[in-house]
1. Report, by residue number, each residue of segment 17-59 that is assigned to a helix (DSSP H, G or I), modelled with pLDDT under 80 and touching a strand residue (DSSP E or B) at 6+ places or on another chain (Cβ under 7 Å).
2. Among the residues that make up segment 309-322, is at least one of them modelled with pLDDT under 90 and hydroxyl-bearing (Ser, Thr, Tyr)?
3. Filter segment 169-206 down to the residues that are in a loop (DSSP other than H, G, I, E, B) and among the small types (Gly, Ala, Ser) and list them by number.
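The values are calculated or read from the model by the stated rules, or taken from the named source; none is laboratory data. It should be emphasised that the depicted structure is a prediction, and the values quoted were computed from it without experimental measurement. Cβ coordinates were reconstructed from backbone atoms using ideal geometry, including for glycine residues, and neighbour counts include every protein chain displayed.
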Amino acid sequence: MDATHAVVMDLSWGDARAATPAIRATVERTADFAPDAALAARVASHLAKVEAMDEMVLSSVRRVRRDLFPGLRVDAAAAARGRRASLRRSAADATPPLTSVGVRNGERSMATLLASIVAAELGADCCVLEAGGVRGNATYEASLTFAHLKAELPFENLMAVVPVDGASLSAFVRDSRERPELRSPRGYAFFLHGDVGLAYCPEKKAVTTVRGEPLDPDRLYAVATCLDLGFGSGKNAAMAAYAARHGDKLPDRDAAIPAKTLVMKYLCRELWKLLPAFDDVDADRSGFLDRDEVKRTYVAALMAVHDDGAPECESEKIAAENMVDQLIACLDTNSDGRVDRREYAAVAHGAH
């Protein structure tokens, strides 16, 4: 507990018939009061569970770099059939480091990753994500944890899909990237990052591809974007002009979904693909994956363990419990607390 002062309020009724009490408020130094050992222990126990969530391993950086960069693209055919778009690899070999350092000065792989996942989860043609919403300022080399996700997306980053013609989309990105602020150390908070299928050519000052295909200026694209501060955040002149012309096309902010929620959902599904096949996890051959089976498999695959297969420290044990809850919830469509073969096959996209 780190509070240095506390407000103490005394309410007293001098007369039983009084409609309101007399109120006396004082500010006291917490250091002047002896701590309650039992209460402190109870608070510490609850905080341990909250803090342990930060250690939940969501993915390995090696897998993200291999599968998502540089050839992450939205599966247009799947989207056209009305299914959730999927992310697929290209044949390109070079993979950039996964970083958000300098995210306000130009394209960075972490912002591209986040935008790509949001586009896929929302079934959008592309996603444009403001640099100011990506704030981890870190490079990742081993694992991606929940703490990393919270650091990168500390705000709501409310995402929604807006229909936008190709010419206007290109103008949106151009307005955010042809800025003198990008040459300063602080960069530009409203620089628009795109998903991996969206390419911008500085020489042409235009978006050249969406979904990895040539931009059609007349086509209406489904564009995922952030509505936290409104469409364009009041800083993008092209987006403001579009909103003035097509205000009826803009979704209500209440219908938007936090980017963190979308990314967490995607990474949980991807985690299943890191685990062994269904029959290998189903140790008791019951036809269901229960908590113990999923926990044992998750810990073995993604966490440092002792010789007995248990996590190395108490916080990691709690983190494993939390992550198992997330893993089962993402596939458990009938809410019975376990995963059957049908749920596994349908939601894990036949990972094994």
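1. Selection gives 54, 55.
2. yes
3. 184, 187, 189, 197
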